Structures are given as structure tokens and as C-alpha cells.
Amino acid sequence: MVDVENSASKDAAHGVVPNTSGKKLWWAAAFLLMAAGGAGLAWLGTPHRSAGGEASPEPTVVLETFVVNLDGSNQRAYLRVGITLGLAQPTSHDQKDVLPVALVRDTILSVLATAEPQALMGAEGKEQLKARLLGALQERVPQLAIAHVYFTEFLVQM
């Protein structure tokens, strides 16, 4: 009859300790990489700090999604875009109730409707559209003090 023994118990009986330092080193390296990656992400996600040290997130106005027909030569195309406006100054609670939403939406729709579908396919075209939107909004709605235009959704269908 053959005597079958577990190799781990056999090694322990003879005073041989299995080599686990490689596994421990691997786990320690993995832990350090995850901790360093998490610290890097936390640093990237922190809000900007002002000179006084307190957080100063940019006040924003989130608008409903826009869907417009685009000005194409021989093709039918439309644009679906989500827009958030970054403001230079925070609005008070009283001002939020009287935001000129109709004027803001009308201004944005007027600019979007003149965009050409091919120009919007590249990053440069999107940046130019942002600049045109920002200029038109600053001209027609100066009381909002709009500093940035952010696209939160962008789809061109041709």
C-alpha cells in the first residue's frame, strides 16, 4: 500500500518552510500601486483652492438638452448637445428664480442652427462652436457673467 501525504504537511514535518516571500512581495507591490493610483486620482479630483485655502468650485447652470437641425448643403443632419454654462460669479437664490432661460436658449439655438455638420466632426470645430456660443451669450445675456461653455453631450447625426 502506498502512503500518500500532503506535501505541505510533509515539508513541515521535516522542518522545511514553504517560500511565501515572493507572494508577499507581489501583494505588497500591488497594494502600493493601488494606493499610489488612488492618491493620484484623489489629487486630480480635488476642487481648485483660492488664495484663502477654501474650495471655490465654479458656479454652473445646467441647461436641458438641445436638438437642432443643422445647416447642411445637400444633406439632412441634426445635432443633439447638452450644455452647461460656467459662471464667473455665483448667482444668489433670488436670481436663480429669474434666470432668463428663454433668452439663453434662444441665443444658443440661433448659434447651433448655423453650424455645419462636417465642421463639428473634429475637435477644432467643437472649440470654435464653444467660442461662438460664449461670445453670443456674453453679448445677449451679460448679467449672467458666463465664463465658460461646457458640452456634456455631443452627437451629430448625418
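All of the numbers you see were taken from the coordinates with simple rules; none came from a lab. Quantities reported herein were computed from a predicted structural model and do not represent experimental measurements. Note that we place each Cβ from the backbone using ideal geometry, even for glycine, and neighbour counts take in every protein chain shown.
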Worksheet item: Which condition number in (1) surrounded by 15 or more Cβ atoms within 10 Å (Cβ to Cβ); (2) out of contact with any Gly (no Cβ under 6 Å at 6 or more places or on another chain) is the one that Pro117 fails?
Response: (2)
Worksheet entry | Among the candidates Glu127, Glu153, Glu139, residue that is more than 15 Å from Gly82 (Cα to Cα) and charged (D, E, K, R) | Glu139
Worksheet entry | Matching residues in the range 125-158 - criterion: being in contact with a helix residue (DSSP H, G or I) (Cβ under 9 Å, 6 or more places away or on another chain), among the aliphatic types (A, V, I, L, M) and within 20 Å of Val101 (Cβ to Cβ) | Leu133, Ala136, Leu137, Val141, Leu144, Ala145, Ile146, Ala147, Val149
